[in-house]
Amino acid sequence: MRDTIKKIIQDNRPDIDDIENTAFIDDGMLDSFDIVTLVSEFDKAFNISIDGADITPENFNTLDNMVNLVKKNGAK
Amino acid sequence: MRLSFQGKKISGILTVVPKNEINFEDEIDNYNFTKKQCMKLKLVMGYDKKRIAPYGVCSSDLCEYGMNYLFDNNLLKREEIDALIMVTQSPDYFMPATSNILHGKLGLKEDIICFDISQGCCGFLIGLIQAFMLLDQPEIKKVALLNADVISPKVSKRDRNSAPLLGDGASITIVEKSDNNEKIYADIKFDGKNAMCLNIPAGGFRMPSTPETAMEKEDEAGNFRALDHLVMKGDDVFNFVLNKVPNQIEELLKSLNLTKNDIDYFICHQPNKFMLQKLADKLGVSYDKLPNNIVENFGNASGVTIPTNICYNLKNTDKKLKLLLSGFGVGLTWASMVLDLEPLKFIDIIEF
């Protein structure tokens, strides 16, 4: 799961070098359009629908947060 | 606030869209996106085609055109109209009201009530509620509800939050008394503390337009916008919709002892494709019961999207449908309504 998420981030933002250690929101790397695109691709990759209430900047700040987010929304 | 009505019905809907169609891909150089991002957002957000009125065309022009179409095709008679409600955020003038202008242009009778309502995304439901209340008067038998917005002149072409989505359009909905005593139920809520989530800062009396307010400046996300332009705090609006609207719909249905299976279609305002898919998922409603194809075909013309949704998706239905209508946005305002839609005298989309 973690690798899939990493690959999706890499594919969308090839300019981000250190995905494991970047604070995407705090460092201003991701904006709301990136988040929308990531949600759409996570939904597709894991066959889930991330709850709209969970689409908050903090849930996209780190790779760990994104892993927790997709787990919380039912990804196996 | 819970509201209910009886003995009223929608008898016809006509949407008027400008002929001028703009394609998202022709405008992507305006936005601070890579080509790859653009193509992904096209799929996810529904950025595709939108209808934009020619320079100088105002909301009343689209309405006048549509009303004359109805008169000319014997679908409506001038003298039948006892009330005219104009719902718009883009009036022709500060004064007089656009409804008065239309009254004159259309040659309507003096014995009538006409007024404007300033509402946007929830404007169809607000207008319907007002029409139903007017129909409680014995003298008022037929109401012309006009929803129209030509907001494109107030949207920066370099604002990727708004420009790819917003379109222009108008709709005419005829609401009248009915022998059918089926009740119509609605719930409406307001949150004025967040009124500025969607706003046009300059151009009113608070901040009149000046050469300075017309100057475009770059925001932190790379959008270029002037104070004369519409500002949408997209994240706040998204969170508002996903937090408030599903609960309102669930509670309204529960209070009426209805399940989602009892509803034939969920006809919602369409701000963008992503938001509506999330709304459908949250409600547990299949995508075919919650049509989501207006933004990509016409753009989001605020209060016009719900009637356009009905005309575009339900035109070929010849049986009575139980609909849940839901509008949400500027204000912040959100409303949902359960009503039966009988086969209409007219249901169509025409080009201006």
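The values are calculated or read from the model by the stated rules, or taken from the named source; none is laboratory data. Please read these numbers as outputs of a predicted model, since none were measured by experiment. Note that each Cβ is placed from the backbone with ideal geometry, even for glycine, and that neighbours are counted across all protein chains shown.
State all residues of region A:40-49 that are more than 8 Å from chain B (Cβ to nearest Cβ) and surrounded by 17 or more Cβ atoms within 10 Å (Cβ to Cβ); if no residue qualifies, say none. Result: A:GLU41, A:PHE42, A:ASP43, A:PHE46, A:ILE48.
Filtered by the rule that a residue be among the basic types (Lys, Arg) and more than 18 Å from B:LYS19 (Cβ to Cβ), region B:43-85 gives B:LYS77, B:ARG78. Within region B:313-352, track down each residue that is buried (at least 18 other Cβ atoms within 10 Å of the Cβ) and among the aromatic types (Phe, Trp, Tyr). B:PHE328, B:TRP334, B:PHE352 - these are the residues of region B:313-352 that are buried (at least 18 other Cβ atoms within 10 Å of the Cβ) and among the aromatic types (Phe, Trp, Tyr). Candidates in region B:47-77 are the residues that are among the hydrophobic types (A, V, I, L, M, F, W, C) and part of a loop (DSSP other than H, G, I, E, B); of these, the one that is surrounded by the most Cβ atoms within 10 Å (Cβ to Cβ) is B:ALA53.
A residue that is of a type outside the set (Val, Ile, Thr), over 25 Å from B:CYS197 (Cα atoms) and surrounded by 19 or more Cβ atoms within 10 Å (Cβ to Cβ) occurs somewhere in region B:244-256.
Pull up region B:96-120, narrow it to residues that are hydroxyl-bearing (Ser, Thr, Tyr) and either in contact with an Asp or Glu (Cβ under 6 Å, 6 or more places away or on another chain) or over 30 Å from B:VAL330 (Cβ atoms) (or both), then point me to the one that is surrounded by the fewest Cβ atoms within 10 Å (Cβ to Cβ). If you could, list the steps in order and put the result at the bottom.
Quick first cut of region B:96-120, residues hydroxyl-bearing (Ser, Thr, Tyr) only: B:98-99, B:118.
When the remaining residues are screened for being either in contact with an Asp or Glu (Cβ under 6 Å, 6 or more places away or on another chain) or over 30 Å from B:VAL330 (Cβ atoms) (or both), the result is B:98-99.
Values: B:THR98: 24, B:SER99: 26.
Only one residue fits best here, namely B:THR98.
Of the residues contained in region A:57-69, one or more are found to be within 14 Å of chain B (Cβ to nearest Cβ) and within 19 Å of B:VAL44 (Cα to Cα). Restricting the search to region A:18-39, which residues are closer than 20 Å to B:TYR47 by Cα and either among the β-branched types (Val, Ile, Thr) or touching a residue at least 60 places away in the same chain (Cβ under 8 Å) (or both)? Listed by number, the residues that qualify are A:ILE35, A:VAL36, A:THR37, A:VAL39.
Of the listed requirements (1) of a type outside the set (A, V, I, L, M); (2) within 14 Å of chain A (Cβ to nearest Cβ); (3) exposed (fewer than 14 other Cβ atoms within 10 Å of the Cβ), B:TYR93 misses just one: (2).
Checked against (1) outside any helix (DSSP H, G or I); (2) within 12 Å of the chain's Cα centre (by Cα); (3) touching a residue at least 24 places away in the same chain (Cβ under 8 Å), A:PHE42 passes all but condition (1). In the set (1) at pLDDT below 95; (2) over 21 Å from B:GLY127 (Cα atoms), B:PHE298 fails one condition alone, (1). Quick check: anything in region A:9-31 surrounded by 12 or more Cβ atoms within 10 Å (Cβ to Cβ), within 14 Å of chain B (Cβ to nearest Cβ) and closer than 27 Å to B:LEU283 by Cβ? No; the residues of region A:9-31 include none that is surrounded by 12 or more Cβ atoms within 10 Å (Cβ to Cβ), within 14 Å of chain B (Cβ to nearest Cβ) and closer than 27 Å to B:LEU283 by Cβ.
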